[in-house]
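Novice: I'd like to ask some things about the structure below.
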Amino acid sequence: MKLLRIGEKGKEKPAALDKDGKIRDISSHIKDLNPHHLNFETIKKLNEINLETLPEVSNSERIGSCISKPGKFIAIGLNYSDHAAETGAQAPSEPIVFMKATSSINGPNDDIEISKDSKKLDWEVELGIVIGKNLKNISEKEAEDHILGYCLVNDISEREWQIEKLGQWVKGKSHDTFGPIGPYLVTKEDILDVNNLNLSLDVNGKRMQTGNSKTMIFNVNYIVSYLSKFMSLQAGDIITTGTPPGVGMGMKPQVFLRAGDKIRLSIDNLGEQNSKVVLE
């Protein structure tokens, strides 16, 4: 099932795609796609509905973030060996974990704001995991039973703030609009093989990133299990799993985003995002 949120920012309604790709309003069955409603029982009930009987929503409506108010927005760094190499870093022996502020979450086609103080704004196409059941200290084998689905993420990063400023990466990852997610939350049964998904990202029509999730150093089940050793995870939490090579920081000379730039990114079966960089 492909779930999404439609409408003005702050007034989005939950929706789903029917078998013909039409958007259907499911707000009579679920209030919102948020931690209170995102669970396996809800998905089971939605799967029993004949979506074609529900009101159709115009595809001209704004698409919001596919999840509202997640408790956590966790990220994994340097999780593709070829991306680690382009940054000059060694491939990690265990996952590098950092957080993005949930206030950074943005709609998939909303503008990305560039601060007047920003000098090194960068892009990162990533596969996002959505948790569907509360968990703590679980095995890799058990992780699959706790994953609700997946989404497309652009882990927008200000590299000067992330790397050259003192402290943790979170400063370069958490500015408002630095976390576009969606358009869809795709339930896991609709993803044939999460370890073999093509990822791509273009800036101003030029291909910058091409990759496949099969080259991740740590796969999705390992990541969920690993995180569960250090913190509990709740339904609705998002984990973004790292980016393939082709980021601006890794280019010679380096290339960074400017106001007016247009970004398009996609992952197999998870849809695409189309954003524009604008001055804050």
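Novice: Taking only the alpha carbons of the range 164-211, what extent do you get along each of the three principal axes, in Å, biggest first?
Specialist: Per principal axis, max minus min of the Cα coordinates gives 42, 28, 20 Å.
Novice: Under a point spin-label approximation (7 Å from Cα along Cα-to-Cβ), what is the residue 170-residue 206 distance to one decimal in nm?
Specialist: The answer from the label model is 3.5 nm.
Novice: Defining a contact as two alpha carbons under 8 Å apart and six or more residues distant in sequence, what relative contact order in percent does the range 87-179 show? Show your work: numbers first, answer last.
Specialist: Details: 128 pairs, mean separation 37.0, N = 93.
That works out to 40 percent.
Novice: Another question about this same structure. Compute the label zone of residue 96 within the range 230-247: residues whose backbone N is under 16 Å from the point 7 Å along Cα-to-Cβ.
Specialist: From the range 230-247, the list is 240-247.
Novice: Still on this structure: Give the longest segment of the chain that steers clear of trypsin sites (Lys or Arg not before Pro) in DSSP loops with at most 13 neighbouring Cβ atoms within 10 Å, not counting the sites themselves.
Specialist: It works out to 32-115.
Novice: Just to confirm a number: summing +1 for Lys and Arg and -1 for Asp and Glu over residues other than residue 176 whose beta-carbon lies under 10 angstrom from that of residue 176, what do you get?
Specialist: After counting each charged neighbour, the total is -2.
Novice: Report, in whole Å, the centroid distance computed from the Cα atoms of the range 101-154 and the range 25-59.
Specialist: Centre-to-centre distance over Cα atoms comes out at 22 Å.
Novice: What translational D, rounded to a whole number of µm²/s, comes out for the chain from Stokes-Einstein when the hydrodynamic radius is the Kirkwood one over Cα pairs, at 25 °C and 0.890 mPa s?
Specialist: D, rounded to a whole number, is 131 µm²/s.
Novice: Defining a contact as two alpha carbons under 8 Å apart and six or more residues distant in sequence, what relative contact order in percent does the chain show? Walk me through the numbers on the way to the answer.
Specialist: Details: 709 pairs, mean separation 70.2, N = 280.
Computed over the chain, the figure is 25 percent.
Novice: Moving on to the next point. What number, rounded to the nearest 500 deg cm²/dmol, is the helix-based mean residue ellipticity at 222 nm of the chain, given -39500 (n - 2.57) per DSSP H run of at least four residues and division by all its residues? Walk me through the numbers before you get to the answer.
Specialist: Values: 5 runs with 31 residues, N = 280.
Calculated from helices alone, the mean residue ellipticity at 222 nm is -2500 deg cm²/dmol.
Novice: Sticking with this one: So for the pair residue 134, residue 195, with labels modelled 7 Å out along Cα→Cβ, what separation do we get in nm?
Specialist: For the pair residue 134/residue 195, the computed spacing is 3.1 nm.
Every read-out reported here was derived from the displayed coordinates using simple, explicitly stated rules and does not represent laboratory data. Not measured: the values here are computed from a predicted model. Cβ: placed from backbone, ideal geometry, glycine included. Neighbour counts: every protein chain shown.
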